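I have placed the structure first, in the form of structure tokens, so that the comments after it can refer back to it.
The values are calculated or read from the model by the stated rules, or taken from the named source; none is laboratory data. Fair warning: this is a prediction, and the values are worked out from it, not measured in the lab. Glycine gets a Cβ as well: all are built from the backbone with ideal geometry, and neighbour counts include every protein chain shown. To get the accessible areas, we keep the full protein, side chains included, count just its heavy atoms, and leave off ligands, DNA and RNA. Shrake-Rupley method; radii C 1.70, N 1.55, O 1.52, S 1.80 Å.
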Amino acid sequence: MVNVIAEIGINFGGNIDVAKDLILQASRAGCWGVKFQFRNIETFYFVGNEIGDAIVRSEIKKNYLTFDQIESLQEYTNSIGLEFGMSFFRTEDL
């Protein structure tokens with residue numbers, strides 16, 4: 001048996017309604033679950049002197065999920081029959 005997990009990651013653009021729509025689309029596509037990414041915006045990435053640094057930091061900040069938002073997305077995901085996952089990039093963020 002193969003389980004397909006939809007990697008939502010940061011594709012919701014920081015908009016919880018878009019995140020929920022992507023979860024719903026994953027369900028309609030027959031996915032087993034969905035997965036988001038978590039980065040601590042206070043410690044994960046600091047802007048340096050490069051233009052790309054500012055872009056990366058901006059995306060991380062825009063797509064940051066609070067614990068309340070994570071809980072809300074998990075509840076929604078489970079309510080439509082999918083599993084919910086979160087990838088952490090560092091153990092201290094877990």
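Sequence-distant contacts, meaning Cα pairs under 8 Å at least 6 residues apart, place the relative contact order of the chain at 36 percent.
Would you please classify the overall shape of segment 3-43 from the alpha carbon gyration tensor, given that a ≥ b ≥ c denote the square roots of the eigenvalues, rounded means a/c under 1.5, and beyond that prolate means a/b larger than b/c while oblate covers the rest?
Since a/c reaches 1.5 but b/c is at least a/b, the shape of segment 3-43 is classed as oblate.
Estimated from the Cβ-Cβ distance and a Förster radius of 30 angstrom, the FRET efficiency linking Asn40 and Val2 is about 0.40. Solvent exposure of the chain amounts to 64 Å² per residue of accessible area, where only protein heavy atoms count and the probe is 1.4 Å.
For segment 77-94, backbone phi angles converted through the Karplus equation (6.51, -1.76, 1.60; θ = phi - 60°) give residue-by-residue couplings of 4, 5, 5, 9, x, 9, 8, 10, x, 9, 9, 10, 8, 9, 4, 5, 6, 5 Hz, Gly and Pro being listed as x.
Charge tally for Leu22 (other residues, Cβ to Cβ under 12 Å; Lys, Arg +1; Asp, Glu -1): 0. Once backbone amide H atoms are built at 1.01 Å from N, Gly85 has Val34, Lys35, Phe36 as its partners under 5 Å, excluding neighbours fewer than 5 places away on the same chain. Structure remark: mean-square fluctuation, Gaussian network model of the chain, C-alpha springs under 10 Å; the largest value among Gln74, Gln25, Gln37 belongs to Gln25.
Taking the Cα atoms of the chain, the ratio Rg/Rh between the radius of gyration and the Kirkwood radius comes to 1.02. Using +1 at the C-beta of Lys and Arg and -1 at the C-beta of Asp and Glu, which of Val56, Leu22, Phe89 has the Cα lying farthest in the positive direction of the dipole of the chain? Checked the options; the winner is Leu22. Straight-line cross-link reach from Lys20 at under 16 Å between alpha-carbon atoms covers these lysines, not counting any fewer than eight positions away in the same chain: Lys35.
Surface composition of the chain: carbon and sulfur make up 53 percent of the accessible area, probe 1.4 Å. Close amide H pairs (under 5 Å, H built 1.01 Å from N) link Leu65 with Arg39, residues at least 5 positions away or on another chain. If you sort Leu24, Leu82 by accessible surface, 1.4 Å probe, largest first, the order is Leu24, Leu82.
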